Amino acid sequence: HVFSAGNDNGNDCGYGAGNQWGNITGGHKMAKNVITVANVGRIDQINSTSSRGPASDGRIKPDVSAVGTNVYSTTNPNLYTTKTGTSMSCPGVSGSLAVLYEAFKDHNNGNEPESALLKGILMNSCDDIGNKGPDFIHGYGRVNVGHAYDIIQNATYFSDSVSTGSTKSFTINVPANTYQVKVMLIWADPQASTSAAMALVNDLDLSVQIPGGNSLKPWVLNPAASSSALSSLAVRKRDSLNNIEQVTLDSATQGTYTINVNGYNIPSGNQKFYIIHSFIKDEIKIT
């Protein structure tokens with residue numbers, strides 16, 4: 001499911017950090033397994049009205065950004081006009097996912113992708129805009145359907161499951177002259193109690209061991225209710241809020257990398273997950 005983030009930036013919706021934060025409109029848009037879309041222009045500038053995160057429990061929202069400013073579209077009665085808003089960026093992402101859905105079937109003998117996998121492919125292929133790493137304004141960046149298609153075509157993803165205390169490991173070979181390595185963990189988290197303070201039920205942890213032995217943790221944002229905290233850069237640490245975690249590494253050394261997924265706390269049974277990885281060969285963005 002794809003939702004617009006809303007056009008309520010400038011309204012104080014009670015998160016506690018003023019009128020520039022925490023104004024995603026509607027509970028469905030804050031859900032952890034949907035895709036929530038911010039509105040950017042054609043040179044990746046955020047529209048001033050585009051609603052910002054975090055979600056009410058501090059999770060990263062919006063998830064992605066897409067062009068929703070000055071979009072030529074249909075209007076009543078049977079005419080065309082130019083429109084602006086997250087209600088334009090949202091259907092753009094929906095249409096992109098329809099194309100990627102068909103592409104996945106074409107490359108997988110007609111089998112359909114699970115929603116968590118397709119969401120992860122879309123998010124891990126985004127062009128990073130705004131603050132480096134994820135942020136509460138742009139999410140994980142502006143969608144790049146060409147890069148997403150490459151992930152599907154090359155099948156650069158894994159699937160497995162973990163229980164509490166267990167770890168699953170995967171290896172990838174990073175080629176020479178790689179500008180950036182991007183690794184994302186995503187899982188379709190089960191529903192939480194309606195009275196729970198946090199939406200996350202199953203807590204998984206991602207880490208990536210690079211040549212030389214160093215282990216990288218995912219990018220995590222500070223959800224504290226202050227403008228300075230919410231606008232600060234992501235840092236590498238354990239994530240205990242989100243069911244999406246990403247590790248990126250610039251100017252990556254050629255060699256074998258080990259991706260580890262640990263079941264930190266899974267109250268019942270096993271949790272299925274996906275790992276999506278991609279290599280960016282240079283710093284040029286495809287638009």
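For segment 2-24, the set of residues classified as at positive phi and either open to solvent by less than 40 Å² (accessible area, probe 1.4 Å) or touching a Lys or Arg at 6+ places or on another chain (Cβ under 9 Å) (or both) consists of GLY6, GLY10, GLY18, GLY22, listed by residue number. Only one entry of ILE259, ILE276 meets the criterion of being modelled with pLDDT of 95 or more and closer than 16 Å to VAL162 by Cα, and that entry is ILE259.
This table checks each residue for (1) surrounded by fewer than 15 Cβ atoms within 10 Å (Cβ to Cβ); (2) in contact (Cβ under 8 Å) with a residue 12 or more places away in the chain; (3) aromatic (Phe, Trp, Tyr); (4) part of a strand (DSSP E or B).
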position: THR164; (1), (2), (3), (4): no, yes, no, no
position: LYS168; (1), (2), (3), (4): no, yes, no, yes
position: ALA176; (1), (2), (3), (4): yes, yes, no, no
position: GLN191; (1), (2), (3), (4): yes, no, no, no
position: VAL208; (1), (2), (3), (4): no, yes, no, yes
position: ARG238; (1), (2), (3), (4): yes, yes, no, no
position: GLU245; (1), (2), (3), (4): no, yes, no, yes
position: THR248; (1), (2), (3), (4): no, yes, no, yes
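The number of residues in segment 25-59 being over 13 Å from CYS90 (Cα atoms), part of a loop (DSSP other than H, G, I, E, B) and open to solvent by 10 Å² or more (accessible area, probe 1.4 Å) comes to 17. Counting the residues of segment 199-220 that are touching a Leu at 6+ places or on another chain (Cβ under 7 Å) and within 20 Å of VAL34 (Cβ to Cβ) gives 2.
Taking the criterion of being modelled with pLDDT of 95 or more, assigned to a loop (DSSP other than H, G, I, E, B) and more than 24 Å from the chain's Cα centre (by Cα), the only residue of segment 66-77 that qualifies is ASN70.
The values are calculated or read from the model by the stated rules, or taken from the named source; none is laboratory data. The structure presented is a predicted model; accordingly, all values stated were derived computationally and were not measured. So basically every Cβ, Gly included, is an ideal-geometry build from the backbone, and we count neighbours across all protein chains shown. When the accessible area is computed, the model is the full protein with side chains, heavy atoms only, and any ligands, DNA or RNA have been set aside. Shrake-Rupley method; radii C 1.70, N 1.55, O 1.52, S 1.80 Å.
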